[in-house]
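A.B. asks: One structure, as C-alpha cells, below. Some questions next.
The values are calculated or read from the model by the stated rules, or taken from the named source; none is laboratory data. On a predicted model such as this, the values are computed, not experimentally measured, just so you know. Quick reminder, even Gly has a Cβ in these numbers, built from the backbone with ideal geometry, and neighbours come from all protein chains shown. The accessibility values were calculated without ligands, DNA or RNA, using every heavy atom of the protein model including side chains. Shrake-Rupley method; radii C 1.70, N 1.55, O 1.52, S 1.80 Å.
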Amino acid sequence: MADLEQALAEVAAEMAVSEDRGEVATYIPQLGRVDAKKFGIAVATNDGRVLTAGDADEPFSIQSISKVFTLTLALGEKGDALWKRVGREPSGNPFNSIVQLEHESGIPRNPFINAGAIVVSDILLAGHQPRETIGEIVHFLRFLANDEAIVVDREVAASEQATGYRNFALANYMRSFGNLTHAPELALGVYFHHCAIAMSCRQLALAGRFLANGGRNPDTGHSVVSPERARRINALMLTCGHYDGSGDFAFRVGIPGKSGVGGGILASVPGVASLAVWSPGLNANGNSKLGSLALEKLARMMNWSVFAPRG
Ligand code: DON
C-alpha cells in the first residue's frame with residue numbers, strides 16, 4: 001500500500017495539470033464565478049493525522065454536502081419517524097427532479113435529493129425561526145470541525161434564493177401532499193442557507209470524522225451518533241450521495257461519498273479516515289469531475305473500499 005502523504009501529493013499534482021475539468025455550475029449565478037482551476041484535498045485519519053494537498057484551506061460552497069449534516073441533526077430529533085416522510089432508495093434521477101414526487105405522493109426518494117433535503121429542513125424548523133435553525137446547523141458544523149470560522153456565504157444564499165424556482169416548485173408540490181408542515185419559503189430559507197455554508201476541504205474532512213469512526217470524534221472520543229446510525233448514514237451516502245451517478249461512484253471509488261454542486265465531495269473510509277476533495281468543474285450528473293477522479297485514484301492507491309477485504 002502507498003504512503004498516504006505521497007499518494008495525496010501525487011494525485012493533487014496530477015489533478016493540477018488536468019485539462020478536462022468539467023463545467024462549473026452556473027444555475028446558481030454566484031457559483032459560476034469560482035475558478036475552475038482550483039483543486040484541494042484533505043484527509044483526517046482516525047489515528048489523528050490531517051494531511052492536505054492543493055487548495056485544501058480555501059473555503060468553497062458545500063451545497064448538497066450539507067445534507068449529510070442536516071440529516072444527522074434531523075435523525076437526532078426525530079429518530080426513525082423521519083423515514084415516514086423521506087425514503088431511502090436511490091432515485092436514479094437528477095438531484096432536482098420532480099417526476100417521482102407525483103407517483104410517490106410527495107414522499108421524496110431519499111434525504112439527499114433536493115426534495116428530501118427540503119423535508120429535512122422542514123423537520124429541523126419545528127418550533128424555531130429559520131435563523132435559529134440555520135444557526136443550529138452552523139453551530140453543529142463548527143462543533144464537529146472544531147472551528148468557529150465556519151459561516152454561511154450570504155451572497156450564495158441570496159443568489160440561490162433569487163433563482164431557486166425549481167426548489168420552490170418542489171416545496172410547494174410537497175406541501176400540496178401535506179409533506180411540508182411549514183410555509184415553503186420558510187423551509188427553503190433554511191435549505192438555501194445550509195447549502196450556502198462555506199467550508200474548506202480541511203474543515204469538511206474534520207467535520208466528517210464521526211462517519212469514519214463509528215459515530216465518535218476520534219480526537220475527543222465524544223459520541224456524535226450511535227455506531228449504527230453512522231453505518232446507516234454511510235450506507236445512504238454510498239447509495240444516494242451522487243444522485244443518478246451514485247452507482248458509478250460506488251463502482252469506481254467504492255466508499256461512501258456525498259457531492260455538492262460547488263464541486264466538493266465528502267467521503268469516508270469507515271475505520272480509517274474521513275476525506276474531502278474540491279474541484280469546481282462538474283460532470284453531467286452534477287458531481288465534481290476531478291474530485292471523483294481523485295478519489296478513485298487515491299482509493300485505488302490506498303486499497304480503500306468498503307467492498308475489499310480488510311488488512
Ligand atoms: O438546491 C440546489 O440546487 C443546491 N442548493 C444544491 C444542489 C447540489 O449541490 C446538488 N449536488 N450535486
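A.B. asks: Taking 0.36 nm per residue of sequence separation and subtracting the Cα-Cα distance, how much length would be gained by fully extending the chain between ARG33 and GLU296, in nm to one decimal?
C.D. replies: 92.0 nm
A.B. asks: If you line up the long axis of helix 184-195 against the longest principal axis of the chain, both from Cα atoms, how many degrees apart are they, to the nearest 10?
C.D. replies: Helix 184-195 sits at roughly 10 degrees to that axis.
A.B. asks: Moving on to the next point. Can you pull the three principal axis extents for the Cα set of the range 1-147, in Å, largest first?
C.D. replies: 48, 34, 34
A.B. asks: Let me check the size of the chain from its C-alpha atoms; what are the radius of gyration and Dmax in Å?
C.D. replies: For the chain, the Cα radius of gyration and maximum Cα-Cα distance read 17.8, 54 Å.
A.B. asks: Counting only C-alpha contacts under 8 Å and six or more residues apart, can you give the relative contact order of the chain as a whole percent?
C.D. replies: Across the chain, relative contact order equals 27 percent.
A.B. asks: Expressed as an acute angle from 0 to 90° and rounded to the nearest 10, what is the orientation of the C-alpha long axis of helix 130-145 relative to the principal long axis of the chain?
C.D. replies: Roughly 20 degrees, rounded to the nearest 10.
A.B. asks: Compute the long axis of helix 4-16 from its Cα atoms, compare it with the longest principal axis of the Cα atoms of the chain, and write down the angle in degrees, 0 to 90, nearest 10.
C.D. replies: Helix 4-16 sits roughly 70 degrees off the main axis of the chain.
A.B. asks: So what's the net charge close to ASN146: Lys and Arg +1, Asp and Glu -1, counting the other residues with Cβ under 12 Å from its Cβ?
C.D. replies: Result for the neighbourhood of ASN146: 0.
A.B. asks: Next question, about the same structure. Could you report the range 64-197's accessible area per residue, 1.4 Å probe, as an integer in Å²?
C.D. replies: 41
A.B. asks: Something else about it: For the chain, which span is the longest to avoid every loop-located (per DSSP) member of GluC sites (Glu not before Pro) having at most 11 other Cβ atoms inside 10 Å?
C.D. replies: Result for the longest clean stretch: 149-311.
A.B. asks: Under 12 Å from the Cβ of PRO184, count the other residues' Cβ atoms, weight Lys and Arg +1, Asp and Glu -1, and hand me the total.
C.D. replies: Computed value for this residue: -1.
A.B. asks: Determine the calculated [θ] at 222 nm for the chain from helices alone, applying -39500 (n - 2.57) to every DSSP H run no shorter than 4 residues and normalising by the residue count; nearest 500 deg cm²/dmol.
C.D. replies: Rounded to the nearest 500, the figure is -13500 deg cm²/dmol.
A.B. asks: If I build a Gaussian network model for the chain, linking alpha-carbon pairs within less than 10 angstrom, which residue out of THR70, THR220, THR133 has the largest mean-square fluctuation?
C.D. replies: Maximum among the listed residues: THR220.
A.B. asks: What net charge do the residues around VAL225 carry, taking every other residue with its C-beta under 14 Å from that of VAL225, with Lys and Arg at +1 and Asp and Glu at -1?
C.D. replies: With Lys, Arg at +1 and Asp, Glu at -1, the net is +3.
A.B. asks: In addition: Please list the non-local residues whose amide H lies under 5 Å from the amide H of VAL151, H modeled 1.01 Å from N, same-chain partners needing a gap of 5 or more.
C.D. replies: The answer is ALA198.
A.B. asks: Run through every distinct alpha carbon pair of the range 64-197 and return the Kirkwood hydrodynamic radius in angstroms, one decimal place.
C.D. replies: 14.7
A.B. asks: Next up: May I ask you to order 78-91, 117-130 by the average number of other C-beta atoms within 10 Å around their residues, highest value first?
C.D. replies: By packing density, highest mean first, the sequence is 117-130, 78-91.
A.B. asks: Also, I was wondering about something else. Based on the mean of other beta carbon atoms within 10 Å per residue, what is the order of 255-261, 208-214, most packed first?
C.D. replies: The peptides rank, most packed first, as 255-261, 208-214.
A.B. asks: While we're on this one: Give the carbon-plus-sulfur fraction of the accessible surface of the range 64-197 in %, rounded to a whole number; probe 1.4 Å, heavy atoms of protein chains only.
C.D. replies: 52
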